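What follows is a single structure, and I will ask about it in a moment.
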Amino acid sequence: MKNQVEEKFAEFFEKWVCQLDDYSQQLIRISKESSSEAEQQALVSKLTSHYKEYYTVKWALAHEDVLVFYCPVWVSTFEMACSWVTGWKPSIIFRLVDSLRKTMVPGAGSLAELTEQQLRKIEELRLKIRLEEEKVEREMERQQVALADRKMVELARLTSRLSNGEVDGLVEVALKGLLSGLEKVMKAADCVRLKTLKGILDVLSTKQSVDFLAGTSILQTQMSIRGTKRVQAYVNTSN
């Protein structure tokens, strides 16, 4: 029997990536056209809302089963290899900005025109985000250590002396604490991801935001191509 949380999020993720791909095409088109700043800003707002929807759904379902997000069935092997605490590592965004500034790809032209002040602010943000990444990593390490701490060892010893009902109760309490900790770390990592995106967008002009989001959405949709194929196969087998 398939896990319901996996099924729900896999279906949501497939639709979410398809919509992201549609937005990326719109971003590229509007970047090439002589569109107004209001039109550009409207599309930027739609895409940022799209990202927020992803985390809203993710957090709601993670509260039901957080472990699903540490071993997702809806991503490709490549995405899984690049994963950092259930998602993309925030610092990769800064490498993407550097790449877009130097590489002529569709919709990245304006990023080559970043001012010295913008570059300084982005570098300051990079340093802040790195510190927040380290904080999340330390908390993740603490959760991993908790798996073998004294309480867990004591619990293992007690299983030989207590009845099944008493053992089940102790195990449930221990697991509840562990899962709660993992959920907390996941949300902390997601908040750093959102803070990184918002921080970059706050520095960029509207036109630069369009080009930046075009680059990030293209990268994510391309990475997700094989992942969505896995999702479709997974959903089909569960029906």
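Run down the aspartates and glutamates and flag those whose C-alpha is under 17 Å from the C-alpha of LYS15, throwing out any fewer than 8 positions away in its chain.
GLU6, GLU7, GLU53
Okay, next question. State, to one decimal in nm², a quarter of the convex hull surface area for the C-alpha atoms of the range 8-124, i.e. the direction-averaged projected area.
Numbers: hull surface 35.2 nm².
Taking the Cα atoms of the range 8-124, their convex hull projects to 8.8 nm² on average.
Among 180-186, 203-209, how do they line up from the highest to the lowest mean number of other beta-carbon atoms within 10 Å?
Sorting 180-186, 203-209 by mean packing, highest first, produces 203-209, 180-186.
Cut-off under 22 Å on the C-alpha distance; same-chain residues fewer than 8 positions from LYS89 excluded. Which lysines are left, in chain and number order?
Reachable lysines: LYS52, LYS58, LYS102, LYS121, LYS128, LYS135, LYS184, LYS187, LYS195, LYS198.
FYI, it's all coordinate maths here, none of it is from the lab. This one's a predicted model, so the numbers in the text were calculated from it and none came from an experiment. Because the Cβ atoms are built from the backbone with ideal geometry, glycine has one as well, and the counts that use them run over all protein chains shown.
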